[in-house]
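What follows is one structure encoded as structure tokens, with my remarks underneath.
Each value in this text was obtained by applying a stated rule to the coordinates, not by laboratory testing. Just so we're clear, the structure is a prediction, and the values are computed from it rather than from any experiment. Counting neighbours? That spans all protein chains shown, and the Cβs are built from the backbone with ideal geometry, glycine included.
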Amino acid sequence: MRTEPRLRLEWPAAFLLCAAPAALLLSRAPGLPGVDGYFHIRFAQELRERGLPRNGFPWLAFGLWKRDFSDTSPLFHLLLIPFTFGSLVLGAKAATVLLSAFATSSLLAILALDRVRARWYWFAVLLLGGWGYWWRMLLPRPELLSVAFLLWSLWALANGRRKAFACLSLAYPLAYAAPFLPQLAAAARWARLRLFERRAEGGLLGWGLAACAAGFVVHPYFPKDLRLFWVQVFRVMEQALTRSAVLPPASELTPLPPGPLLAAHLLVVVHLAALVWFLRRRPARLSERTRTLIPAFLIVAVLAVLARRFMEYAVPVGTLLCAYAYDDLLAGRSWRDLARALGARPEKAAAVWLALLAAGAAFQFGNLALMLEKVPPPRLAALSRAVAAKAPDGATVFACRWDETPELFFHDDRRRYLAMMDPTFLYDTDPGVWTAWQAAVSGRLSPKALRAVFRGVFHSRFGICDSKDVVFRAAIARDPAFRILRQDAGGYAFELR
């Protein structure tokens, strides 16, 4: 599709408008928001220095990754490599700014390609999409790339572009563990055409599924990537939603309460509700692209209700749907007609609505700034150095929580750890180790049993725990065989003599 020079300038302008607030907000955080970013930027550095780990993940002593490691986001880690020269924290923040700006500004680029009216308004709606969307988009994680891939996949699907959809489907398994999202949208499109329009058009779905399967095959860790995909997508979500195992799920796998859930999607919900009202008053024929986006949005909306990790998909997909649908509604009309349909004076209605958006933006970004100011700097650096001074290379370092190990790996890549990134990887592969780990950190073991578990199960003499782990701290304080190497505001490091 040819574009006018004016349109080719819009995406860079939108990119800068996204990057500026993202950079400003992240500059308020002393460390990296979330814990996963420490793992991702450090792993990217390891890739640059050592290449792909081929014989398991050398920094883990147990779990799925120890024997069958596969990287679910090799493309993301490849893009992080240029940011591993110098400060890793600053590099991770810079990469996050650029990738979040790319993903968010992709909406404007898509609307410009499709000649959607009022596209800068819809871009502003996404920019003000809610605290949940922006918080998730400021985390240094591969979901940033996944959001962009999903938006462009839906654009290709809505416009019937087979080659573009196939190329994106091929690359998606290399970007993140959510390549099923565009395929679900393609399947919904096929079902709609088949059931309601009596059209047998399965070309896009067939191309997408074949390309997605090829993406798994060309993955550098094939066939191990298939097992990790199954565990990370299906087993993790199953256990989080059904509580079938006693696992402490990450907060992102739990649903938001109704109030925060509505607040996180408020602008999208308001525009969709107004759209339904307008269509009931003045019916309009919805375009093929809009009809394609409706089930796609319903899919991600249901997922966002089930788990907050899908907020970063529901907001941009919902905004894209609104932009397409209102473009259909405005065919032969203007926004003034919509204002009059509400019984309001157009100019006054526009001024009031823009004032509300401005107030909402100030409130949202003010709260985000306060949240990011509370992000602590790396807390475990001194504790990690205390253990590194005593523990030999390759020693296993105990940690009370699985979400402590990404930062420990960030500080020290010469030791190994019990679990990393997700407890399901350990629970499914080494349930005995998992059971012993939970018994140890809960304080249920006697001093003699605790020593036996450390020596016979964990094969570990050293550990680092968060300051919140007071029960385990009390347990090792009762046994003179455990010696505290260092204790500070972040936690404590210890040794079993």
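Using the Cβ-Cβ distance between Leu279 and Leu184 with R0 set to 25 Å, the FRET efficiency works out to roughly 0.50. Taking 0.36 nm per residue of separation and subtracting the Cα-Cα distance, full extension of the segment from Val269 to Ala214 would add 16.1 nm. Measuring max minus min along each principal axis, the C-alpha atoms of region 381-496 give extents of 32, 30, 25 Å (largest first). Bridgeable lysines around Lys390 (alpha carbons under 28 Å apart, same-chain partners fewer than 8 residues away excluded): Lys66, Lys448, Lys468. Extension gain, Leu357 to Arg48: 0.36 nm times the residue separation minus the Cα-Cα distance gives 106.8 nm. The angle separating the long axis of helix 180-196 from the principal Cα axis of greatest extent in the chain is about 40 degrees.
Going from the fewest other Cβ atoms within 10 Å to the most, the residues Val268, Val147 appear in the order Val268, Val147. Take 470-482, 381-393 and order them by the average number of nearby Cβ atoms within 10 Å per residue, most first; the result is 381-393, 470-482. For Tyr417, the amide hydrogen comes within under 5 Å of the amide hydrogens of Leu60, Ala61, Val397, counting only partners 5 or more places away or on other chains and with H modelled in the peptide plane.
Shape summary of region 66-209, radius of gyration then Dmax from alpha carbon positions: 17.2, 59 Å. Mind running the shape call on region 27-69? Use the C-alpha gyration tensor, a ≥ b ≥ c as the square roots of the eigenvalues: rounded below 1.5 for a/c, prolate if a/b tops b/c, oblate otherwise. Because a/c hits 1.5 or more and a/b fails to exceed b/c, region 27-69 counts as oblate. Contact order, relative form, for region 381-496: 31 percent (alpha carbon pairs under 8 Å, 6 or more residues apart, mean separation divided by residue count). Rounded to the nearest 10 degrees, the inclination of helix 5-26 to the longest alpha-carbon principal axis of the chain is 40 degrees. Say each of Arg162 and Ile81 gets a label point 7 Å from the Cα, pointing the same way as Cα to Cβ; how far apart are those two points in nm? Modelled inter-label distance: 3.4 nm. Taking a ≥ b ≥ c as the square roots of the Cα gyration tensor eigenvalues, region 158-244 comes out oblate, since a/c reaches at least 1.5 and a/b does not exceed b/c. Going from the fewest other Cβ atoms within 10 Å to the most, the residues Lys374, Lys224 appear in the order Lys374, Lys224.
Kirkwood analysis of the chain, using all unique Cα-Cα pairs, places the hydrodynamic radius at 24.5 Å. Mean residue ellipticity at 222 nm, helices only, the chain: -19500 deg cm²/dmol; runs of at least 4 DSSP H residues each add -39,500 (n - 2.57), and the sum is divided by the number of residues.
With the crude spin-label approximation of a point 7 Å out along Cα→Cβ, what separation in nm comes out for Lys390 versus Asn55? So the two model labels end up 3.0 nm from each other.
Using 0.36 nm per residue and subtracting the Cα-Cα separation, the extra length available between Thr435 and Val471 on full extension is 11.3 nm.
Unpaired cysteine residues in the chain (no second Cys Cβ under 4.7 Å): Cys18, Cys167, Cys212, Cys322.
Rounded if a/c is under 1.5, else prolate if a/b beats b/c, else oblate: with a ≥ b ≥ c from the C-alpha gyration tensor eigenvalues square-rooted, which is region 1-133? Verdict is prolate for region 1-133.
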